[in-house]
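This report concerns only the one structure given below.
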Amino acid sequence: MLAPQAAGGMELPLPEVVRLEEEVAAADGSMGWVVTLCAGAGWFAGFLPPELAREVIGTRRVCLAGSGAPTGYAEREGEGFRITGRWDYASGAPMATHFTLNAVLRENGRPLHDENGMPRIRAFVVPAAQVSVVPTWHSIGMRASASHSYSIQGQWVPATHAFTIDAAHATAPGPLYRFPFYPLAYITLAANLAGMARHFIALAQDAISRRKHAMSGQPLVERPEVERLLREAGEGLVAARAEAYARLDAVWAQVVAGREAPADEITALQDASLAMVAAARGAVDGLYPYCGLYAANVHSTINRVWRDFHTATQHSLLLP
């Protein structure tokens, strides 16, 4: 969805992609997450040399997985780098044809530093044939995302497999590759949480409608405090979602027009994304106590959605 057309991708407008990712997550949390994370890794093709981008995106059943933490190193060697390390939480790892990663650059066994004395970190894309998947994903939720670890032990890649995720280094000309990385990450992840929360709210309404108050025998859904919770959960998420998408559309319009989005608009988009996550958390956590033991049954759909939701909220970008 996010790979350049010139490389064989669809290069869809980002607001369209985000809304689609939300709908997929509303159907199934793990599927939405894998689509989002692997499409995001496919976006990196817009920063690769065009010939390599066409080779990668043209791979049969192409799927890119990866991790952003710089938990490995890349030693300069000839016209390329020899990569060693281990990375965690690569959603979709078993089906990946390529892996993306960040690594600390080294030369003669010593880390390279930038002008501020910080280790130099570079992004790489590596074919799956050079990668070992480590089955470490044992979370209570998002089980089908198969977000396993992966390791690379002394594998050499040419320098063309290194890239920089920055508009100034984009190799594809479209607005997608001028859109700043962190706002893209925030809004795509937040959209997944919104989709899962919508699914949970619908299931919670059904679960609550079947319950009665233990003392009065009154249908629980008719109690004023429960009616209020249901109403506020839905309205709060709708309002937060509308604000986040309005911010997304505004920044996207700036980028499509060839302008650099102002810093305050980028910050507002990131803040609105986190506010949407907060509204989703509030809705799910507020309604769960009223859903009954059915919602605690690991074989129930509502329990799976609850587990998926709370597992996904642990992503480091989504901290309250």
Odd one out for Ala239 among (1) surrounded by 14 or more Cβ atoms within 10 Å (Cβ to Cβ); (2) in a helix (DSSP H, G or I); (3) in contact (Cβ under 8 Å) with a residue 24 or more places away in the chain: (1)
Residues of the range 1-23 satisfying the condition of being closer than 25 Å to Val56 by Cα, assigned to a helix (DSSP H, G or I) and touching a Gly at 6+ places or on another chain (Cβ under 7 Å): Glu21
Given (1) part of a strand (DSSP E or B); (2) closer than 24 Å to His315 by Cα, number of the condition Ala69 does not satisfy: (1)
Residues within the range 134-161 that are closer than 22 Å to Gly32 by Cβ and crowded, with 19+ Cβ neighbours inside 10 Å, tallied: 8
Options Ala168, Ala129, Ala144; residue that is assigned to a helix (DSSP H, G or I) and under 30 Å from Arg304 (Cα atoms): Ala144
Matching residues, the range 113-149, being out of contact with any Leu (no Cβ under 9 Å at 6 or more places or on another chain) and basic (Lys, Arg): Arg143
Unique match (being open to solvent by less than 60 Å² (accessible area, probe 1.4 Å) and in contact with a helix residue (DSSP H, G or I) (Cβ under 6 Å, 6 or more places away or on another chain)) among Ala53, Ala74, Ala69, Ala90: Ala53
Cross-chain or 6+ apart pairs with Cβ under 8 Å, the range 203-223 first and open to solvent by 90 Å² or more (accessible area, probe 1.4 Å), then part of a loop (DSSP other than H, G, I, E, B): Arg210/Gly292; Lys212/Gln218
Qualifying residue in the range 276-297 (condition: under 27 Å from the mean Cα position of the chain (by Cα), among the β-branched types (Val, Ile, Thr), open to solvent by 60 Å² or more (accessible area, probe 1.4 Å) and at pLDDT 95 or above): no
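The values are calculated or read from the model by the stated rules, or taken from the named source; none is laboratory data. Remember, predicted model here, so these are calculated numbers, not experimental data. Heads up, the Cβs are rebuilt from the backbone with ideal geometry, glycines too, and the neighbour counts pull from every protein chain shown. Protein only, heavy atoms only, side chains kept; ligands, DNA and RNA dropped before computing areas. Shrake-Rupley method; radii C 1.70, N 1.55, O 1.52, S 1.80 Å.
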